[in-house]
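Read the structure below first, then the notes.
The values are calculated or read from the model by the stated rules, or taken from the named source; none is laboratory data. Just so we're clear, the structure is a prediction, and the values are computed from it rather than from any experiment. Glycine also receives a Cβ, built like all others from the backbone with ideal geometry; neighbour counts cover every protein chain displayed. We work out accessible area using only protein heavy atoms, side chains counted, and drop any ligands, DNA or RNA first. Shrake-Rupley method; radii C 1.70, N 1.55, O 1.52, S 1.80 Å.
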Amino acid sequence: MQNPALAFRPAPGTIPEAPGCYLFLDGGGRVLYVGKARVLRQRLASYFASWSTIPERNRAMLESARSVEWIVVDSEAAALHLEWTLIQRHRPRHNIRFRDDKSYPELVLTTSDEVPRARVQRGPVAAGDRRFGPYVSASDIRATLDLLLRVFPVRTCSDGVYERARRSGRPCLLHHIGRCAAPCTGVVTPAEHRELVDGLAAFLEGRTDPVLDDLGTRMQEAAAEQRYEVAARLRDQLEAARRATAKQQVVWPQPVDLDALAVHEDELEAAAHVFVVRGGRLVGQRGWIVEKSSGMTTAELVTSCVVAFYEDRSDDVPPLVILPAEPDEAEALAELLTDLRRTSGTGRTSRVTFSVPQRGVRREFLATVEANAQQHLQRARLRRASDLASRSAALEDLRQRLELDEAPLRIECFDISHLGGTEVVGSMVVLEDGLPRTQAYRRFKLRVDANDDPAAMREVVRRRFERLLTEQAEPLDAGPSRQRGFAYPPQLVIIDGGPTQLAAALEGVADLPLEGVAFVALAKRFEELWLPGRSDPVILPRGSEALYLVQRVRDEAHRFAITYQRARRTRSVRGSALEEVPGVGPGRRRELLRRFGSVRGVRAASDEELLSVPGVSPTLLAALREHLGTAQGPS
């Protein structure tokens, strides 16, 4: 196939040899994709090459594109910054998308004001203000702030309340209960109030020891001078400061400033999580979900997540960022973060560096962040699975795209697992109303070991539907102990694989009288749904509820199959030495392993214990001793 982008390819000489960003647009002028480049001419040339050399993740975009534009900047770092700005403005459907990235509250000190205030807020902050966090919940940050106001009684009121108090000359209730120094009425000067704000900022950054030492010293001096009311007040402030310090967990052996970012991903989406460490203490964390573009590498994902996190946090970029993988265009990214750090107005001039630890303290710390990212993705999946509206939308979307008569309320998915053609097993998992029905899961031990997935799929599917017809033909009063787990037909069968596996499954049930059962195959590489008799697959939109549903049931079938296959392989390894003993068949081998637990247990058993096993004769006992070695004589 010819590259469709050749129809609108600009003359190579018109593309500048400079860093910048490029935008692919469709026929209506909508932006499909935004990318960055160190050299625009070289990068764009890769999109207009032979179609066979174009990565799959770019082909769908090029088929929809009708023009390309570019913007020249003066550096790679500026290109990285501009790319993020353009993605946020246009939300191109072929770039990654971020969800939940504004959901975490932060404590903000409005240091850009003449008389700063402390407040809890979400989202971007004004230039010159200082932020701390993010925190998991607003209640946590308010509880911490309430404790710290006893030590640093800074203003927390709105501008309207502040102005009314200033005009009336009467401070509000917060001053009377010791939670505000009342700069509105001149109890403290703006300069003195600014010192309180700076002390609160230092404390929140993890520099807590000087505050605790100063409060302790002043308390002892007041007590020595018999100023007991002052000493009691300082004691209460010291206790509040200690409780606030306890909320900042010590996670690093040295008082360092760093951020650690980790990602947990699958083919469609990823979860990113960041731990914010200041002064060796964990002062904040943040997590969000990323809808990945097709074929995105981990390096590209890490870069996008780093830019997304710091784009609105230019006032809080630490000198060290720990990452799970080397980011894409690391030098340009480090330059961008260094520029943000230097222009933040905080006086920080050191260069930002990245660390990809393989062992030691940093690796252990990053593993904790990765565990949080994994939990974040699992929670997102559970929310989607438990949401009735999402499940209903997914089933209806599947019905329309697969042209089914009704929504598939029961979906069965089949998968095959083996190790080099040995211990071949199959799995069947079931979704009813979009939820897993684990009681209906089934496992299949294949009758013949062979490295032939289509043949295995043919056997599994035929066995399943033969049981369906058999159980449907049985009377309902066949007996209370008779299980009818196969008696309920699915509306949709998903085969894990491509057209070959689908053809094999259909061949397995070709002569069975099935009605109302639709078959499709899900190819894992590009998440394509192959239908019988169609040469082109059905492509579910990335990010759609239907795609998440079929991916979830496919992954569950794979997990169920490989768990069963590993269990059988373990049992096979445990009993492999017994297979070499003449006269020990599968039944006796199972009984020996059940009785003694392992080959080692059989070897250690006495002659009397072995002879007590049904089927073990003196002749077989001699064969066991000869092949396994004599461990004990008769007891």
Which numbered condition Gly35 misses (of (1) assigned to a helix (DSSP H, G or I); (2) within 26 Å of Pro541 (Cα to Cα); (3) not polar (S, T, N, Q)) = (1)
Would you check which residues across the range 256-274 are open to solvent by 10 Å² or more (accessible area, probe 1.4 Å), farther than 11 Å from Pro324 by Cα and part of a strand (DSSP E or B) and list them?
-> Glu265
Report the residue count in the range 200-211 for those that are under 21 Å from Glu114 (Cα atoms) and either more than 37 Å from the chain's Cα centre (by Cα) or part of a loop (DSSP other than H, G, I, E, B) (or both).
-> 0
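Can you name the residue in the range 37-67 that is in contact with a strand residue (DSSP E or B) (Cβ under 7 Å, 6 or more places away or on another chain) and open to solvent by 20 Å² or more (accessible area, probe 1.4 Å) and, of all such residues, is nearest to Leu336 (Cα to Cα)? Break it down stepwise before answering.
Keep residues of the range 37-67 that are in contact with a strand residue (DSSP E or B) (Cβ under 7 Å, 6 or more places away or on another chain), which gives 37, 40, 43-44, 61, 64-67.
Filter once more, so that each one left must be open to solvent by 20 Å² or more (accessible area, probe 1.4 Å): 43, 64, 66-67.
On the way: Arg43: 20, Ser64: 32, Arg66: 32, Ser67: 29 Å.
Applying the filter and picking the extreme gives Arg43.
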Residue in the range 114-161 that is most open to solvent (accessible area, probe 1.4 Å), counting only those that are part of a loop (DSSP other than H, G, I, E, B), closer than 19 Å to Val276 by Cα and of a type in the set (A, V, I, L, M) = Val136
Counted residues in the range 308-321 being within 19 Å of the chain's Cα centre (by Cα) and open to solvent by 10 Å² or more (accessible area, probe 1.4 Å) come to 1
Pairs only if they're at least six apart or on different chains, beta carbon under 7 angstrom, first in the range 485-511 and within 20 Å of Ala523 (Cα to Cα) and touching a residue at least 12 places away in the same chain (Cβ under 8 Å), second among the basic types (Lys, Arg) and open to solvent by less than 10 Å² (accessible area, probe 1.4 Å); list them, first residue then second.
-> Ile494/Arg554; Asp496/Arg554
Please tell me if Ala332 is more than 20 Å from Ala272 (Cα to Cα), modelled with pLDDT of 80 or more, among the small types (Gly, Ala, Ser) and crowded, with 18+ Cβ neighbours inside 10 Å.
-> yes
With the checklist (1) touching a helix residue (DSSP H, G or I) at 6+ places or on another chain (Cβ under 6 Å); (2) open to solvent by less than 60 Å² (accessible area, probe 1.4 Å) in hand, flag the one item Pro324 doesn't pass.
-> (1)
If you go through the range 552-584 one residue at a time, how many are modelled with pLDDT of 80 or more and open to solvent by 10 Å² or more (accessible area, probe 1.4 Å)?
-> 12
Number of the condition not met by Leu6 [criteria: (1) of a type outside the set (Phe, Trp, Tyr); (2) modelled with pLDDT under 90; (3) part of a loop (DSSP other than H, G, I, E, B)] = (3)
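For the range 613-629, enumerate the residues that are of a type in the set (Gly, Ala, Ser) and either without any contact (Cβ under 8 Å) to a residue 40 or more places away in the chain or over 18 Å from Arg590 (Cβ atoms) (or both).
So in the range 613-629, the residues of a type in the set (Gly, Ala, Ser) come out as 615, 617, 622-623, 629.
Answer for the range 613-629, where residues must be of a type in the set (Gly, Ala, Ser) and either without any contact (Cβ under 8 Å) to a residue 40 or more places away in the chain or over 18 Å from Arg590 (Cβ atoms) (or both): Gly615, Ser617, Ala622, Gly629.
Okay, residues lined up against (1) among the basic types (Lys, Arg); (2) under 20 Å from the mean Cα position of the chain (by Cα); (3) in a strand (DSSP E or B):
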{"position": "Glu507", "(1), (2), (3)": "no, no, no"}
{"position": "Ala510", "(1), (2), (3)": "no, no, no"}
{"position": "Arg534", "(1), (2), (3)": "yes, no, no"}
{"position": "Ala546", "(1), (2), (3)": "no, yes, no"}
State whether one or more residues within the range 89-101 are closer than 27 Å to Glu331 by Cα, assigned to a strand (DSSP E or B), among the aromatic types (Phe, Trp, Tyr) and modelled with pLDDT under 85.
-> yes
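Only residues that are surrounded by fewer than 21 Cβ atoms within 10 Å (Cβ to Cβ) and either touching a strand residue (DSSP E or B) at 6+ places or on another chain (Cβ under 7 Å) or of a type in the set (Phe, Trp, Tyr) (or both): list them for the range 530-541, please. Show your work before the answer.
First pass over the range 530-541, keeping only residues surrounded by fewer than 21 Cβ atoms within 10 Å (Cβ to Cβ): 531-539, 541.
Result: Leu531, Pro532, Pro537, Val538, Ile539.
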Condition met for Ala77 (open to solvent by less than 10 Å² (accessible area, probe 1.4 Å), part of a helix (DSSP H, G or I) and of a type in the set (A, V, I, L, M, F, W, C)) = yes
Would you mention how many residues in the range 585-612 are modelled with pLDDT under 80, open to solvent by 50 Å² or more (accessible area, probe 1.4 Å) and either part of a loop (DSSP other than H, G, I, E, B) or farther than 18 Å from Glu626 by Cβ (or both)?
-> 3
Inside the range 441-492, can you point out the residues that are crowded, with 17+ Cβ neighbours inside 10 Å and modelled with pLDDT under 85?
-> Leu446, Asp452, Phe486
Considering only residues of the range 506-521 that are surrounded by 17 or more Cβ atoms within 10 Å (Cβ to Cβ) and small (Gly, Ala, Ser), which is nearest to Val550 (Cα to Cα)?
-> Ala521
Which of the residues belonging to the range 351-388 are open to solvent by less than 70 Å² (accessible area, probe 1.4 Å) and of a type in the set (A, V, I, L, M, F, W, C)?
-> Val352, Phe354, Val356, Phe365, Leu366, Ala367, Val369, Ala371, Ala373, Leu377, Ala380, Ala385
Assuming Pro55 fulfils every condition listed in (1) more than 30 Å from Leu200 (Cα to Cα); (2) modelled with pLDDT under 90; (3) in contact with an Asp or Glu (Cβ under 8 Å, 6 or more places away or on another chain) apart from one, which condition is it?
-> (3)
